[in-house]
Amino acid sequence: MACGGSRVVNAGQEPRTIRELVREARDGGARNVPYVIPSPTLLARVRAWAAESARGTIGNAHAPPGFTLARTEGSTIVLMEDAAHRQGGGVYAVRRGHAAPLIIEVPHSFSDVHTLRIGFTLFDRLSARALLVSSVHRYAACPDRAKPCPSDVAHNEESLFHAAHAGLLDGDPSLAVIAVHGFAARDGDPAVIVSGAGTLLDPTEIAPVLHEALDAPVATFPTQIRRLGGQRGAQARDVAARGGRLLHLEIARDLRNSLAQERSLRVRLADALQSLVTDAPAP
């Protein structure tokens, strides 16, 4: 990636909303933005930026090469690629000052329809520290949908998405993760599958609260359903190795449609996950 300087892209202007900035950073990413494998140097720079951000020590003038920073209303800084050099590097928002010890991750923001809107509500309602969003389709680098695919950032430890994830946890190991995914339901499937994905999080405590909040069937992995548990994901493996907590949240398309249409339902979902904040271990 070409060096984008180290400026706040909208300094001196009215701050924009996080939704505007993230959607701008993703514009065209479903089809028209290539995915370029990042260099080790850039991976290290993004990871270092994320770690500094989690510690609260990042300044407005420190963006990795190829990226710029934009400020939003409130206290959130968004790291986004330079418009002229977009290569599928993702978009990352970090709330400065007081925040809940949570990272909201939306790694399949194109293919898992409506997960971005759900992620926005979780970030806002739970006052999470960070929001990580993919900026190209998961198969951008693999038109034949071959697996593994480098642009599938949920399964690629050498992606900038994973670098940002790892850096945030380097800077603040107390952070828990909520990874928002979507799935195509089969006959008899629940509307939601919750999993700790091999981490210390116990999904059995969250499932009944979600069931009541959403008035929809919720199953836990692996006790009630043995697929879509997310334990092979790159971020889940990283959190498990650190002894941390990650909630892998799989939501069926019908429920995602309802969540997209009804803000009150998204709020109920977020409120049902409040225990991830209130039950957070002491730093």
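The values are calculated or read from the model by the stated rules, or taken from the named source; none is laboratory data. Just so it is clear, the model here is predicted, and its values are computed rather than measured. No Cβ is skipped: glycine too gets one built from the backbone with ideal geometry, and neighbour counts run over all protein chains shown.
Contact map, region 241-261: residues that are within 17 Å of residue 154 (Cβ to Cβ) paired with residues that are aromatic (Phe, Trp, Tyr) and outside any helix (DSSP H, G or I), Cβ distance under 9 Å, separation 6+ or inter-chain. Pairs shown: 248/221; 250/183; 250/221; 251/183.
Please work out which residue is surrounded by the fewest Cβ atoms within 10 Å (Cβ to Cβ), limiting yourself to region 98-121 and to residues that are of a type in the set (S, T, N, Q) and part of a loop (DSSP other than H, G, I, E, B). Talk me through it step by step, then tell me what you get.
Here is the first cut: in region 98-121, the residues of a type in the set (S, T, N, Q) are 109, 111, 115, 121.
Adding the requirement that they be part of a loop (DSSP other than H, G, I, E, B) leaves 109, 111.
Working: 109: 29, 111: 16.
It comes out as 111.
Of everything in region 41-94 that is in a loop (DSSP other than H, G, I, E, B) and β-branched (Val, Ile, Thr), the residue that is surrounded by the most Cβ atoms within 10 Å (Cβ to Cβ) is 58. Per the conditions (1) of a type outside the set (A, V, I, L, M, F, W, C); (2) surrounded by fewer than 22 Cβ atoms within 10 Å (Cβ to Cβ); (3) assigned to a loop (DSSP other than H, G, I, E, B), the sole criterion not satisfied by residue 238 is (3). For region 215-235, a residue qualifies if it is small (Gly, Ala, Ser), at negative phi and part of a loop (DSSP other than H, G, I, E, B), and the qualifying residues are 216, 229, 233. Within region 164-193, residues that are touching a residue at least 24 places away in the same chain (Cβ under 8 Å) sit with their Cβ atoms under 7 Å from residues that are of a type in the set (Phe, Trp, Tyr) and in a strand (DSSP E or B), at 6+ positions apart or across chains, in these pairs: 164/92. Residue 4 passes every criterion in (1) buried (at least 17 other Cβ atoms within 10 Å of the Cβ); (2) at pLDDT 90 or above; (3) more than 27 Å from residue 143 (Cα to Cα) apart from (2). Of all the criteria given as (1) surrounded by fewer than 22 Cβ atoms within 10 Å (Cβ to Cβ); (2) part of a loop (DSSP other than H, G, I, E, B); (3) not hydroxyl-bearing (Ser, Thr, Tyr), the one not satisfied by residue 124 is (2). Remark: residue 153 falls outside the filter, which requires a residue to be touching a strand residue (DSSP E or B) at 6+ places or on another chain (Cβ under 6 Å), crowded, with 23+ Cβ neighbours inside 10 Å, of a type in the set (A, V, I, L, M, F, W, C) and closer than 27 Å to residue 64 by Cα.
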